[in-house]
1. Is at least one residue of the range A:263-286 surrounded by fewer than 23 Cβ atoms within 10 Å (Cβ to Cβ), modelled with pLDDT under 85 and outside any helix (DSSP H, G or I)?
2. Tell me, please, whether a residue that is surrounded by fewer than 24 Cβ atoms within 10 Å (Cβ to Cβ) and within 14 Å of chain B (Cβ to nearest Cβ) can be found in the range A:83-104.
3. Can B:Leu20 be described as surrounded by 19 or more Cβ atoms within 10 Å (Cβ to Cβ), free of Cβ contacts under 8 Å to residues at least 60 places away in the same chain and part of a helix (DSSP H, G or I)?
4. Tell me which residues, restricted to the range B:200-233, are within 13 Å of chain A (Cβ to nearest Cβ) and either over 21 Å from B:Met34 (Cβ atoms) or not in a helix (DSSP H, G or I) (or both).
5. Any residue at all in the range A:289-305 that is of a type outside the set (Ser, Thr, Tyr), closer than 30 Å to A:Met129 by Cβ and surrounded by 24 or more Cβ atoms within 10 Å (Cβ to Cβ)?
6. Here are some residues: B:Leu94, B:Leu103, B:Leu64. Which one is over 20 Å from B:Ala200 (Cβ atoms), touching a Leu at 6+ places or on another chain (Cβ under 9 Å) and either modelled with pLDDT of 90 or more or among the basic types (Lys, Arg) (or both)?
7. Within the range B:170-179, identify whether any single residue is modelled with pLDDT of 85 or more and either surrounded by 14 or more Cβ atoms within 10 Å (Cβ to Cβ) or touching a Cys at 6+ places or on another chain (Cβ under 9 Å) (or both), and answer yes or no.
8. Please state which one of B:Val97, B:Val70, B:Val79 is surrounded by 13 or more Cβ atoms within 10 Å (Cβ to Cβ) and farther than 21 Å from A:Phe274 by Cβ.
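The values are calculated or read from the model by the stated rules, or taken from the named source; none is laboratory data. Predicted model, so just to flag it, every value in this text is computed and none were measured. Virtual Cβ from ideal backbone geometry, glycine too; neighbours counted across all protein chains shown.
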Amino acid sequence: MNLSALITPKNLVTAAVLIVLGLMPVLTTVFDQPFYLDIATRIVILAVAAASLNLILGFGGMISFGHAAFVGIGAYAVGIPIYYEYYSGFLHFPLAIAVSALFALVTGAISLRTKGVHFIMITMAFSQMIFFLFLSLEEYGGDDGLLIWSDSELFDGLALDDPSTFYYVCFVSLVGVLLLLHRIVNSRFGRVIRGAKSNEKRMSALGYPTYRYRLVAYVISGALCGYAGALMGNFTNFISPDMMGWGRSGELIFMVVLGGSGSIIGPVYGVLSFLLLEEFIPDVMDLFADGAGVYWHLPFGIILLLVVLFVRGGISGFLNRLTKR
Amino acid sequence: MESALLITQLLNGLQLGILLFLVAAGLTLIFGIMDFVNLAHGSFYMIGAYICGTLVYLLDSFVLAVILAVPLTLVVGYVAERLVARSIYARDHLDHVLATFGLILIFDTGVHLLWGAEGMSIPLPDWLQGQVAFSSTIEVPSYRLAIIAVGLAVALGLFLVVTKTRIGMLIRAGASNRTMVQALGIDIKNLFSLVFAAGAAIAGLAGMMISPITEASIGMGNDIIIVAFVVIIIGGIGSIKGAFIGALIVGMIDTLGRSYLDQLFKLVMSDQNAETAAPAISAMLIYILMAAILAVRPQGLFPPKVR
């Protein structure tokens, strides 16, 4: 393998995206645009969530229509301790991961007994249960949401309330999660998961207990999503059950598919494009007609439809095709 | 007093169940015949309500408006099928979910553009506004009875069409074995256009009937579509009978759960705990039911017979 084989459009774009994301705090300071650091932080956090969803969706063929629940659980695992004045991040982050992993274990054990569209719907049902649970917990704000007035406290000198510091925590998390997922997908475990996606009967015949492998993958995915949720709780300072509605889960799926579900880095492209579209379509529309921006869902929906109809393999698949040409 | 409340709640549950059935009927047939997951089916419920509302103000007659709005919703459904749904039947469920999610955004914003962000309240004619008294303590709004009557009539009509006519026979055959129907020389694509459009119109009818009570609003379809999915999964995908029974079960459990669960809980726990837990559990009840049924009997209660 020589060096020139590595210089493919996809690798170049990946390198460019990661470098730009890595330099975001510097760029936004130099150009004095702190607002864009806000968007970048959101992109990086959601990329963690989308990449973890992709482990089971893209590589395992399990279409979870309820992953927003894990993000919500992670966020409340920060919000509720802070409500009781426990500020330590060494409590929040492990709690977020543990509770989401437990929720994934219980719901996954039931959901994975079903297949296809039943799996889509049962994961949606479980996330709706969590949605309604938090909606009715009036102690923690109910549907008014919960204010998080502090950030998680970690080491001295690592203050999460500083936007740049927090951004780097998120960015390092993203890179770490991507590397972890890369290791998982290419391990023996990952091969079993991928094998079970393309031919489950054959994997079972080869002696692999595919149900258990899938369940472990589901738990890993849920736990990582919960971690993303804990970052989100620190980022937004305001959380509400709204962040776990089924529409949010649908958005997460769209981010994954838009970026390309067959690749580790794909979801990052997906989240990036999704949030940039969300941010700039209204602005562009306002240029054409004042106030038209409120209708931004219309072009957004059309783009979504066109992507599904005509772009197979998402952005990542598109870049791969450029390489082969 | 207690029995009067119970009867009111039972009627409310019946009404919810019947509206759910009207939405779920099209959904389950579309799903059963073409294996197509249509998240945007709830949009027809919303569009029906808005079209009907506009016609009520134009024509000044609720009944006439409904009679005209049903075929108009049918046309909207037909266009959506030809433009979008038709080209993705052969894809996997993930593409269905995403494409119809996109359709929801387009429909919701389309309604926002045409009718504005505010909800639209729809006036009822005087003769539907009264109460019907069954006894000195039991009074029921006559409009609710009208909804139940119309819904039951549509359910009966649908049942007769599906079980007694040639079209219905093809629909049932398509739901059990699509390939075989095609092999016998039936144009399943046209059949499906028909089912899709008719399903849209019936869902629209449900939206028209509920909107005088709740008002027509953006997102009303998104609330009901998820519950309609619960219904068809409980009932068994592709089965009209399953959709009907599933809808009644869900309607009853949801309504009665919301009004009586706290009393039930008070038998086994303290009053305060019961009052905290009951609203949470009652909102989750139908999802718990669905998860339980899926775990034990993934094909639903009344799956269509295959072969």
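1. No: the range A:263-286 contains no residue that is surrounded by fewer than 23 Cβ atoms within 10 Å (Cβ to Cβ), modelled with pLDDT under 85 and outside any helix (DSSP H, G or I).
2. Yes; the residues of the range A:83-104 include at least one that is surrounded by fewer than 24 Cβ atoms within 10 Å (Cβ to Cβ) and within 14 Å of chain B (Cβ to nearest Cβ).
3. No; evaluated as a whole, the condition is false for this residue.
4. B:Ile218, B:Gly219, B:Asn222, B:Asp223, B:Ile224, B:Val227
5. yes
6. Exactly one residue qualifies, and that residue is B:Leu64.
7. There is at least one residue in the range B:170-179 that is modelled with pLDDT of 85 or more and either surrounded by 14 or more Cβ atoms within 10 Å (Cβ to Cβ) or touching a Cys at 6+ places or on another chain (Cβ under 9 Å) (or both).
8. Unique residue meeting the criteria: B:Val70.
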